[in-house]
Amino acid sequence: MSNLKLGVEVISARLGDGVNSFVELRFDDQKVKTSTKLDDTSPVWNERFSFNISDTEDLSNLVLEAYVYNKTSNGTRSCLGKIRILGTAFVPYSEAVGLRYPLEKEKWSVFSFGSTVKGELTLKVFVTDNPSVKIPTPNPIKKLASNTSHNLHNIPASEKTKPRLRKTQQPPQLQTLSLQPPQPQMLFSQPQTLSPQQQMLSPQRRQPHTLSPQQQMSSPQPSQPHTLSPQQQMISPQPPQPHTLSTQKQMLSPQPPQPQTLSSQPQTLFPQQPPVMEAAPFQPVRYGSPVLGGGVRARTTTTAHDLVEPMEYLFVKIVKACNLPTMDPTGSLDPYIEVKLGNFTATTTQLEKNKNPVWNEVFAFTKSDQQANFIDVIVMDKGVMKDNFVGSIRFDLNEIPTRVATDSPIAPEWYIINHERGGEIMLSVWFGTQADEAFSDATYSDALNVVNKSSVRSKVYHSPRLWYLRVNVIEAQDLVIVPDRTRFPPNPYVNIKLGSQMVRTKPGQSLNPKWNEEFTFVAAEPFEDLEISIQDREETLGTTKIRFDEIERRVDDNRIVPNRWFSLALARQTRVRFATTRILLNVCLEGGYHVLDESTYNSSDFRPSMKKVRNRHVQSVGVLELGILGAEGLSLSRDGKKETVDAYCVAKYGTKWVRTRTVMNSLNPRFNEQYTWEVYEPATVITIGVFDNNGTNGGNNKDGKIGKVRVRISTLESGRLYTNSYPLLVLRPSGVKNMGELHLAIRFTCTSMFQMLLHYWKPLLPKMHYVRPLKVVQKEILRRHAVNLMAAWLSRAEPPLRKEVIEYITDSNSHFWSIRKSRANLYRLRSVFSGLLGTGEWFQDICTWKKPVASTAVHVLYLAFVCLPEMILPIISLWLFMLGVWNYRLRPRQPQHMDTSLSFADNVHPEELTEEFDTFPFSSQDPGVVKMRYEWLRSIAGRAQTLVGDIARQGERVQALLSWRDPRATSIFMVVCLVSSVVLYVVPFKVFVLLCGLYIMRHPRLRRKTPPGLVNFFKRLPAKTDCML
């Protein structure tokens, strides 16, 4: 056994409440505990222990665990928290200081937020070969599974839920060093490899920075650089310094630090292995969550992005350059910049013949892609045969600052790239997260080879403001038509065009026609001109354009917009005009409507178009926060055409659209992006869709649909965080397919509960939808125009939101007919009325006395209700209240997702799916298939026709009671009415109701097997069926 020992000094703790606390330490099958401090919120122990190290070569893979327990009065103990310190964080005795470690929860969940409890423990941990402390008696315990990895290339699954460590630069300390005699050597010598024990226990500050050639030549003690293992390069809190040690005693002796200089000249990296970064766990954690493990702290920030896991990025912003030297004999310079980090190389755009180029490009490297300790920014000159080197600058990752998202952006600085020939470059380098404002404009390290780099960036879009434009064509005067007997009488009509929307009136019959027809269009800001033309067959009689700044706007129907005459201009006039052709129109923009771009039930916004009305009458009721964490197990959207998925997410709520970045070549992408919306109506739905980006390399390929999720805001509890996995289901002609799972974190925070409850009693749509309602067919047409306008607007953005994405999110084809949807809606209707049908069956059992006890109880209750009718409504209300209380335990705890059984998508016939996905209005199938579908539709429509006829027949029989179509039946009905009026006047109403109820619920022995007389009389009444052809 080695003489090296691990010393641990338990100093103090700060706990939330006064408890009887003690600390238990576990290390390498040894266990020891401190004394118990009674009823102390800040216990102080100052007790020192040491542990034997069984294998010093495996020290970096050992773990020290400290558990803080509360000893209760009955002798039991409860764990208040624990800390875990990796072996890579152990330092020599001369460098050990007391550090505070936040207590960690004992158990972790997949989606654990706020991973710490209130409390912290102060420990001093060190490694020494001659400790002057008492050695506890080792208590053999069950071997604890080491959670550290022996090979960072194969990280265990249990390690993926731990906080990640990152090395940070520590200030050098003045120490003494026993120097070796200097030995002459080359500048770039072979690195010397030290044992893991020596590399771990070395107390001196190892400098990873590269010195300039002048500094290297003038160094009083040139030494050979040694090579660290990838694990030590990543986690070791001490920056490496090139030196040579002979024995272990020399390692433990202090040594003064070497000066650090950042060279602006192009340097050659020392041969070393790039560190392997640990993959981040797939779980949402709060920014600023504590990290365990010695004095090493990961870069953490504190921002409002608390629903997602912080993902560290290295940002490099290239702004511009000036006075670049020319490397070409011709004197021209075509500069571009390469940013190299390990095996990743990012390239800016090439600018021709420019010595003072401006780029303004940002590159973002994920933590897993940081495979080197340095990042090089190299300026190159594009040549015909070979690119020329202009200059470069190198940055050490340990010297790069970390920017908190709440701080202002880091200012770019000028750096000299070539000391001999001059030239400067302005750039900034910093560590940040996805909350950084430069994240949306950056080029990511996994998309460096993408042709269309803008198509992979995350962006926020806003839909254009949409209006309803109402045009009422009244009449026209003084139309001029060339005399032609073949065209007499004239048939003029008005053609109205707004963008791609075009309608026309019915033909008139004179030169002063009157139409009085009204049309509604969807207009988007900025508006296009409204084109009006009058045509007679193929000849244009006059045209005019109306600018939208001339059109009046109104909020409600109380304001009357006056009619206006508009003069028409002729394209070619061959005769002398004595009067001007003009048209009378009533044109106005309706600002009191909400333009429906989604179905009413799945809409995300109901506010009116006019902004002043929206701000005056509609108030915010809360804030919706959405964290798009990632997806798992995605399937290919285009089978056989791509080997992997380039996934991105699009979310829509209100007029705000968000698009995450595209994660390239991954079936398990992690986005970890968070967005916020204002909520103005609780009965709204947010839609999140996942797509496969097929436009990264150019072309017009449509993006693949992977699936979508809808979440209704009214089903979310205020202040509660929902973290769920939603299945991504897509219906294809081959059937329904599960494309993977989408992980979301959703939180709705209500800012005004009074306004929230008040919204449930207000109209869902603005007032104009009820004063002047739109027809159902008109709504669907206008909705299709609204989606087309929105798609045309957002497809021009950068990166564009494609039309197929917008149509899929808004579900623009939901009104198309299909047999599957018809069957599903019929099943939903049966489910709704199943309770009523069940009540009817139950009452039938009561009337037939199948359950005598229940029938007797119903008779008694019926007698009580007849005697005390004023108790009927209170008891019904109380029964509904108790039913709601009983169903509270069965309430849904999580938002619902797509249901294949409810949609009839799991057992649908393939021919039905083929028909549903067929093109409309012109089918792409063979005429025989279309004819078969038509015959099938005729059979279904025949059954519906019979049902409608039966319902109409019963209504006509009711009308025949007093229509004297059957004189005898009408006479009988009139006599019955006369007798019943006398009986009802004489007999009290309670007695009449009681007798009717008892007659209906009479015993089966008092019943006949044939229908009663009233039913027979009603069935004999005539209907109009015999009058139909």
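The values are calculated or read from the model by the stated rules, or taken from the named source; none is laboratory data. Quick caveat: nothing in here was measured; it's all calculated off a predicted structure. For neighbour counting, all protein chains shown are included, and Cβ atoms are generated from backbone atoms with ideal geometry for every residue, glycine included. Keep in mind that these areas ignore ligands, DNA and RNA; they rest on the heavy atoms of the full protein, side chains included. Shrake-Rupley method; radii C 1.70, N 1.55, O 1.52, S 1.80 Å.
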| task | Those residues that are closer than 20 Å to Ile781 by Cβ and open to solvent by less than 80 Å² (accessible area, probe 1.4 Å), I need them from region 508-526; list them, please. | result | Trp515, Glu517, Phe519, Thr520, Phe521, Val522, Ala523, Ala524
| note | Subset of region 815-839, residues among the basic types (Lys, Arg), open to solvent by less than 100 Å² (accessible area, probe 1.4 Å) and over 20 Å from Thr600 (Cα atoms), comes to Arg820, Arg823
| request: Give me the pairs, please: first residue somewhere in region 329-344 and within 30 Å of Asp369 (Cβ to Cβ), second residue anywhere and open to solvent by 40 Å² or more (accessible area, probe 1.4 Å) and of a type in the set (Ser, Thr, Tyr), beta-carbon distance under 9 Å, and either six or more positions apart or on two chains. | output: Tyr336/Thr347; Tyr336/Thr349; Ile337/Thr347; Glu338/Thr345; Glu338/Thr347; Val339/Thr345; Val339/Thr347
| query | Which residues, taken from region 541-561, are open to solvent by 70 Å² or more (accessible area, probe 1.4 Å) and assigned to a strand (DSSP E or B)? | reply | Lys545, Arg553
| message | For region 942-983, give me the residue count where each residue is open to solvent by less than 90 Å² (accessible area, probe 1.4 Å), closer than 21 Å to Asp1026 by Cα and part of a helix (DSSP H, G or I). | response | 15
| Got a number for residues in region 700-718 being surrounded by 20 or more Cβ atoms within 10 Å (Cβ to Cβ), out of contact with any Ser or Thr (no Cβ under 9 Å at 6 or more places or on another chain) and under 20 Å from Ser752 (Cβ atoms)? | 1
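Which of the residues spanning region 327-341 are at negative phi and either exposed (fewer than 15 other Cβ atoms within 10 Å of the Cβ) or touching a His at 6+ places or on another chain (Cβ under 8 Å) (or both)?
Within region 327-341, the first condition is being at negative phi, and the residues that meet it are 327-330, 332-341.
Hits for region 327-341 are Asp328, Pro329, Thr330.
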| said: Given the criteria among the basic types (Lys, Arg) and without any contact (Cβ under 8 Å) to a residue 60 or more places away in the chain, does Lys497 qualify? | reply: yes
| said: When you scan region 1003-1018, do you find a residue that is under 16 Å from Phe973 (Cβ atoms), open to solvent by 100 Å² or more (accessible area, probe 1.4 Å) and not in a helix (DSSP H, G or I), even just one? | reply: no
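Condition first: within 30 Å of Ile713 (Cα to Cα), touching a Leu at 6+ places or on another chain (Cβ under 6 Å), surrounded by 13 or more Cβ atoms within 10 Å (Cβ to Cβ) and among the hydrophobic types (A, V, I, L, M, F, W, C). Can you find one or more residues in region 852-867 that meet it? Can you show your working first?
Filtering region 852-867 for residues within 30 Å of Ile713 (Cα to Cα) gives none.
No, region 852-867 contains no residue that is within 30 Å of Ile713 (Cα to Cα), touching a Leu at 6+ places or on another chain (Cβ under 6 Å), surrounded by 13 or more Cβ atoms within 10 Å (Cβ to Cβ) and among the hydrophobic types (A, V, I, L, M, F, W, C).
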| field | Residues satisfying the stated conditions in region 719-744, i.e. of a type in the set (Ser, Thr, Tyr) and either within 25 Å of Val623 (Cα to Cα) or open to solvent by less than 20 Å² (accessible area, probe 1.4 Å) (or both) | value | Tyr722, Thr723, Ser725, Tyr726
| Using beta carbons and a limit of 9 Å, which pairs, at least six apart or on different chains, have the first residue in region 849-862 and closer than 12 Å to His1003 by Cα and the second one among the acidic types (Asp, Glu) and in a helix (DSSP H, G or I)? | Lys851/Asp845; Ser855/Asp845
| query | From the list Asn813, Asn825, which residue is assigned to a loop (DSSP other than H, G, I, E, B) and under 22 Å from Lys708 (Cβ atoms)? | reply | Asn813
| query | Which one is farthest from the chain's Cα centre (by Cα), of the residues in region 619-638 that are open to solvent by 30 Å² or more (accessible area, probe 1.4 Å) and hydrophobic (A, V, I, L, M, F, W, C)? | reply | Leu636
| Can you tell which of Glu915, Glu870, Glu911 is open to solvent by 90 Å² or more (accessible area, probe 1.4 Å) and part of a helix (DSSP H, G or I)? | Glu870
| said: Condition (residue is open to solvent by less than 10 Å² (accessible area, probe 1.4 Å) and in a strand (DSSP E or B)) applied to region 748-770: is it met by at least one residue? | reply: yes
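Out of Leu789, Leu801, I need the residue that is part of a loop (DSSP other than H, G, I, E, B), at pLDDT 90 or above and closer than 27 Å to Tyr648 by Cα. Which one? Spell out the reasoning first.
Numbers: Leu789 fails: part of a loop (DSSP other than H, G, I, E, B).
When all the criteria are applied, what remains is Leu801.
I'm trying to understand the selection: among the residues of region 675-699, which are open to solvent by less than 20 Å² (accessible area, probe 1.4 Å), in contact (Cβ under 8 Å) with a residue 60 or more places away in the chain and part of a strand (DSSP E or B)?
Step one: filter region 675-699 for residues open to solvent by less than 20 Å² (accessible area, probe 1.4 Å), giving 677, 679, 682, 684-696.
Now restrict to residues that are in contact (Cβ under 8 Å) with a residue 60 or more places away in the chain: 679, 682, 684-689, 691, 693, 695-696.
Val679, Val685, Ile686, Thr687, Ile688, Gly689, Phe691, listed by residue number.
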| Where a residue in region 553-582 is closer than 23 Å to Leu530 by Cα and at pLDDT 85 or above and its partner, wherever it lies, is aromatic (Phe, Trp, Tyr) and not in a loop (DSSP other than H, G, I, E, B), with Cβ under 6 Å and at least six apart | Arg582/Trp565
| Just wondering, is there one or more residues in region 953-971 that are farther than 30 Å from Pro852 by Cβ, among the small types (Gly, Ala, Ser) and within 60 Å of the chain's Cα centre (by Cα)? | yes
| said: Considering only region 342-365, I want to know if a residue exists there that is farther than 27 Å from Asn672 by Cβ, acidic (Asp, Glu) and open to solvent by 40 Å² or more (accessible area, probe 1.4 Å). | reply: yes
| field | Count of residues meeting criterion [more than 10 Å from the chain's Cα centre (by Cα) and of a type in the set (S, T, N, Q)] in region 642-675 | value | 6
